[in-house]
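Any read-out appearing in this document is the output of simple, stated calculations on the displayed coordinates, not a laboratory observation. Being a predicted model, the structure only gives us computed values, none of them experimental. Cβ sites come from the backbone with ideal geometry, for glycine too, and all protein chains shown count toward neighbours.
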Amino acid sequence: MLSPMLGEQIIEVRHGHAFDEASLERYLARHLPDLEPPVSVRQFAGGQSNPTFLLETKSSRYVLRKKPPGDLLPSAHAIEREFRVMSALARQSIPVPRPVLICEDHTIIGTPFYVMEYVEGRVFRDLSLPGHSPAERARLFDAMNATLAQLHGVDYLAAGLEGYGKPGNYFARQIARWSSQYVASTPSILPAMQRLMDWLPAHIPPGDETVIAHGDFRMENLVFHPTEPRVTAILDWELSTLGHPLADLAYNCMPWNLAHGQYSGLRGLDLAALGIPSEDEYIVAYCARTGRAAIDHWPFYMAFSLFRMASIAQGVYARSLLGNASSESASKFEGTAEVLATRACDLIG
């Protein structure tokens with residue numbers, strides 16, 4: 001059997017996520033002339049949003065992402081946007097899986113879906129990178145940093161992504177969006193979340209920038225070369241938009257603000273001994289790559305990212321109660337919003 005990405009767990013299709021595999025095979029046979037049936041379908045265990053599946057034949061592998069079943073929040077699970085941005089960025093030499101086809105016909109497998117190439121490599125879910133030397137850890141973190149800077153350097157107009165989002169006023173719009181999503185996902189508003197919904201709009205830093213923002217840029221969503229400290233694919237583009245680069249950077253830096261063992265956190269580890277850069281060192285490297293002297297108002301950007309993640313986590317937990325979450329671990333997100341919002345409130349004083 002062909003091996004999956006190192007670090008990725010492949011399982012049988014979960015209950016509630018099964019679809020008509022024969023219908024999918026017929027569709028793919030019509031649209032992928034090189035595909036050789038039969039097609040084996042299994043599911044990636046990770047991920048909390050759009051269910052993702054490994055498609056295997058005797059000679060090829062593909063990855064399928066689809067919307068989850070059931071009732072969904074407005075604007076959520078926009079797989080069409082994922083396909084569009086990856087198609088554009090593949091032409092700009094950004095490391096993304098090559099998109100193959102998109103199907104918006106609900107009658108094929110019950111929801112829209114798209115198919116992309118399978119990228120061989122390593123996926124790391126434990127940011128302490130056990131089994132690696134300090135030098136290897138340093139190179140892997142630096143590769144992640146370089147990839148984010150490379151993405152933010154893309155001219156979205158030249159990439160054909162005009163209209164992919166609204167340029168400017170990013171934080172005001174995002175705070176409003178995630179406040180609305182949070183309220184729609186919870187029967188009662190946490191005091192810490194209410195404080196953030198009040199504080200964040202009143203403290204947006206001056207100035208504005210617009211880049212292609214991934215929205216979920218973290219080590220777990222990167223595929224690294226099988227042996228080299230090099231990113232070969234950025235995954236999971238569902239939350240991408242035209243946005244502010246420092247929102248992406250702050251989200252990427254959240255692990256430094258969360259305890260080890262707590263949502264991939266790094267706090268409490270001896271980072272110097274491990275070879276992992278400190279948050280300040282990581283930020284300095286990003287600034288050097290993007291031509292920044294420094295970053296003012298960092299507590300705002302981090303508090304915003306924690307708030308946004310708290311809203312997302314609440315949505316995942318709400319879907320687990322409805323039975324349509326992508327991952328079986330979604331129910332573990334109960335209480336996550338409070339942890340993240342409390343940490344954000346600590347940062348703003």
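Using just the helices of the chain, give the 222 nm mean residue ellipticity in deg cm²/dmol: DSSP H runs with n ≥ 4 each add -39,500 (n - 2.57), and the total is spread over all residues, rounded to 500.
The helix-only estimate for the chain comes to -12000 deg cm²/dmol at 222 nm.
Mean Kyte-Doolittle hydropathy of -1.0 or higher plus an axial Cα length of 20 Å or more: which whole DSSP H helices in the chain meet both?
Span-like helices, by this rule, are 134-152, 170-185, 298-322.
Take Glu281, project a point 7 Å from its Cα along the Cβ direction, then tell me which residues of the range 250-270 have their backbone nitrogen under 15 Å from it.
256, 266-270
How far apart, in nanometres, would the label points at Gln9 and Ala184 be if each is projected 7 angstrom from Cα along the Cα-to-Cβ direction?
Spacing of the two 7 Å Cα→Cβ label points: 3.0 nm.
Positive end of the charge dipole of the range 134-348 (Lys, Arg +1 and Asp, Glu -1 on Cβ, about the Cα centre): tell me which of Gly265, Ala337, Asn169 has its Cα farthest that way.
Final value for the positive-end residue is Ala337.
With 10 angstrom as the radius, rank Val183, Val339, Val39, Val223 by how many other C-beta atoms surround their C-beta, starting from the fewest.
Fewest-to-most Cβ neighbours within 10 Å comes out as Val183, Val339, Val39, Val223.
Which of Ser59, Ser305, Ser40 moves the most in a Gaussian network model of the chain with Cα springs under 10 Å?
Ser59
Could you tally the net charge around Val211, taking each other residue with its Cβ under 14 Å from the Cβ of Val211, Lys/Arg +1 and Asp/Glu -1?
Residues close to Val211 contribute a combined charge of -2.
Let me know the charge dipole size of the chain about its Cα centre in debye, to the nearest 20, where only the beta-carbon of Lys, Arg (+1) and Asp, Glu (-1) is charged.
Dipole magnitude for the chain comes out near 180 debye.
Considering only the other residues whose Cβ falls under 12 Å of the Cβ of Met197, what net charge follows from Lys and Arg at +1 and Asp and Glu at -1?
Taking every other residue near Met197 into account, the sum is +2.
Quick one: if you take sqrt(5λ) for each eigenvalue of the C-alpha gyration tensor of the range 134-348, what semi-axes come out, biggest first, whole angstrom?
26, 22, 18
If contacts are Cα pairs under 8 angstrom and at least 6 residues apart, what is the relative contact order of the range 10-117 in percent?
Reported as a whole number, the value is 24 percent.
Out of Ser93, Pro38, Ile79, whose Cα points farthest toward the positive end of the dipole of the range 10-117 (charges: +1 Lys, Arg; -1 Asp, Glu; placed on Cβ)?
Ser93
Which aspartates and glutamates have a Cα lying under 12 Å from the Cα of Lys66, excluding residues fewer than 8 positions away in the same chain?
Leaving aside aspartates and glutamates fewer than 8 places away in the same chain, those within reach of Lys66 are Glu80, Glu82, Glu104, Asp105, Asp236, Glu238.
Could you tell me which of rounded, prolate or oblate describes the range 111-154, using a ≥ b ≥ c as the square roots of the eigenvalues of the alpha-carbon gyration tensor, with rounded for a/c under 1.5 and, failing that, prolate when a/b is larger than b/c and oblate otherwise?
Oblate, since a/c reaches 1.5 and b/c is not below a/b.
For the range 10-117, what log10 I(q)/I(0) values come out of the Debye formula at q = 0.22 1/Å, with one point per alpha carbon and no solvent?
Listed by q, the Debye log ratios stand at -1.37.
Choose one answer from Leu306, Leu235, Leu274: the residue with the largest mean-square fluctuation in a GNM of the chain with alpha-carbon springs under 10 Å.
Ranking Leu306, Leu235, Leu274 by mean-square fluctuation puts Leu274 first.
Would you look at the GNM of the chain, springs on alpha carbons closer than 10 Å, and say which of Gly153, Gly168, Gly261 moves the most?
For the chain, modelled as a Gaussian network with Cα springs under 10 Å, the answer is Gly261.
When only C-alpha pairs under 8 Å and at least 6 residues apart count, what is the relative contact order of the range 134-348, in percent?
Relative contact order, the range 134-348: 26 percent.
If I model a spin label at Arg177 and Ile348 as a point 7 Å from the Cα along the Cα→Cβ vector, what separation in nanometres do I get?
1.9 nm
Just the Cα atoms of the range 115-188: what Rg and Dmax do they give in Å?
18.6, 47
When the dipole is taken about the Cα centre of the range 113-169, and only Lys, Arg (+1) and Asp, Glu (-1) are charged at their Cβ, what size is it in debye, to the nearest 20?
Charge dipole, the range 113-169, about its Cα centre: 200 debye, nearest 20.
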